[in-house]
1. How many residues does the stretch A:195-218 contain that are more than 17 Å from A:Tyr43 (Cα to Cα) and buried (at least 18 other Cβ atoms within 10 Å of the Cβ)?
2. Do we find a residue being free of Cβ contacts under 8 Å to residues at least 60 places away in the same chain and buried (at least 16 other Cβ atoms within 10 Å of the Cβ) anywhere in the stretch B:74-86?
3. Right, B:Ser34: hydroxyl-bearing (Ser, Thr, Tyr) and either surrounded by 13 or more Cβ atoms within 10 Å (Cβ to Cβ) or at pLDDT 90 or above (or both) or not?
4. Evaluate the stretch B:87-98: report whether one residue or more is touching a Ser or Thr at 6+ places or on another chain (Cβ under 7 Å), in contact (Cβ under 8 Å) with a residue 12 or more places away in the chain and farther than 19 Å from A:Leu42 by Cα.
5. With (1) out of contact with any Pro (no Cβ under 8 Å at 6 or more places or on another chain); (2) assigned to a strand (DSSP E or B); (3) crowded, with 17+ Cβ neighbours inside 10 Å as the list, and B:Leu21 as the residue in question, which single condition is left unmet?
6. Of the numbered conditions (1) within 14 Å of another protein chain (Cβ to nearest Cβ); (2) modelled with pLDDT under 95, A:Ser25 fails exactly one; give the number of that condition.
7. Taking B:Val56, is it more than 30 Å from A:Asn120 (Cβ to Cβ), in contact with a Leu (Cβ under 7 Å, 6 or more places away or on another chain), free of Cβ contacts under 8 Å to residues at least 60 places away in the same chain and more than 14 Å from chain A (Cβ to nearest Cβ)?
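The values are calculated or read from the model by the stated rules, or taken from the named source; none is laboratory data. In this text the structure is predicted, and so the values were computed from the model without any measurement. Positions of Cβ are generated from backbone atoms using ideal geometry, with glycine treated the same way; all protein chains shown enter the neighbour counts.
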Amino acid sequence: MHRIKLLGAVLALCVAPALAHAQKSPYADYQRMTAENVPTELYELEGEQLWKKQQGPKNASLERCDLGQGPGVLKGAYAAMPRYFADAGRVMDLETRLLYCMETLQGRSRDEATKRVFGNADKASEFELLSAYVARQSNGMKLDPGLSHPKERESFELGRALFYHRVGPWDFSCATCHGVEGKRIRMSELPKLDDPKYAGPLMATWPAYRVSTSKIVTLQWRMNDCFRQMRTPEPAFGSETTVALIHFMTATGGGETYRGPAIKR
Amino acid sequence: MAGPMKMRASLGAGFTDVRVLMSHPMETGQRKGSDGKLIPMHFIQNLTVKVNGKVVIEGETSQAVSRNPVFSFRLKGGAKGDKIEVSWLDNKGETNSTDAAVA
């Protein structure tokens, strides 16, 4: 029975041309096997409760939060981010926008709301739960971050420049690990993220549940952790830098069908 | 307070596939916390599946099962709209349940 199921999955992979190159990799086998049991739905449920929960000095929920498609519209919102928000006067990714809504709608202070932006296996953070819930509503839609507004162009270009910009005591840039084809670290393939062929499938699966750490992780966490691995000072949550990098990589992978929240090693 | 559960029950030809996700820490009792002390055992011990109120599976599980486990199983027969109920009981006496109609 199990073999039949696996065969089905292999056939599905052959049909998807974007994934065809990954077929021979043992890592792809591992990914396929773990993908059968994705616990992200549990986080989505918790995220939904949190989205509707009244809190903060204004005792308000996030249900009127405008993620770019109008107040409270979740469908397709994640796939169209990062994007420019006129009310905030800047380009925001999902997590930055959620923080903006916590400050404006719920009246919470930035310090209080960002006290615990990344959770652990015992307890996910608000941003992680909300990201899982919001991102799910873009499942099956094409990634299409904003690129028409001058600020969006600026953010994209900044992200591109930062991607190749070497910093820190080890003189690392994102491109050091993610600028060449065929690199890997331990069992993980390092995707070449300035190439749509790799950026698409990768960006289409965040946020994700990480099997090795039993927790849900977001793109802000990924940026934060990459900078940690590069030995730079910690970037601020929702900073121009992290948003620009997310913007650059998402736009590079633009057009890919979103299929998250997914599962990672 | 136990975290959420989620279940899907889909009808096949003469059988029903049920897949249930549950949030649980599933501590083995062998892991150490950041304070260096052992984290006490905390795991789902019993799993009960009912179809239209009748018990069809009573299972025992151990610490060997992972955090946030998924249980999937196939039931003989079944019809659209049958009510499937899954509940668990852990070693601390905490419990949770969910139900779904076969679709």
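1. 7
2. So far as the stretch B:74-86 goes, yes, one or more of its residues are free of Cβ contacts under 8 Å to residues at least 60 places away in the same chain and buried (at least 16 other Cβ atoms within 10 Å of the Cβ).
3. Here the answer is no, as B:Ser34 does not meet what is asked.
4. No, because not a single residue in the stretch B:87-98 is touching a Ser or Thr at 6+ places or on another chain (Cβ under 7 Å), in contact (Cβ under 8 Å) with a residue 12 or more places away in the chain and farther than 19 Å from A:Leu42 by Cα.
5. Single failed check for B:Leu21: (1).
6. (1)
7. The answer is yes for B:Val56.
Yes or no, residue by residue, for (1) more than 22 Å from A:Ala236 (Cβ to Cβ); (2) crowded, with 22+ Cβ neighbours inside 10 Å; (3) modelled with pLDDT of 95 or more:
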site: A:Ser138; (1), (2), (3): yes, yes, yes
site: A:Lys183; (1), (2), (3): yes, no, no
site: A:Leu190; (1), (2), (3): yes, no, no
site: A:Arg222; (1), (2), (3): no, no, yes
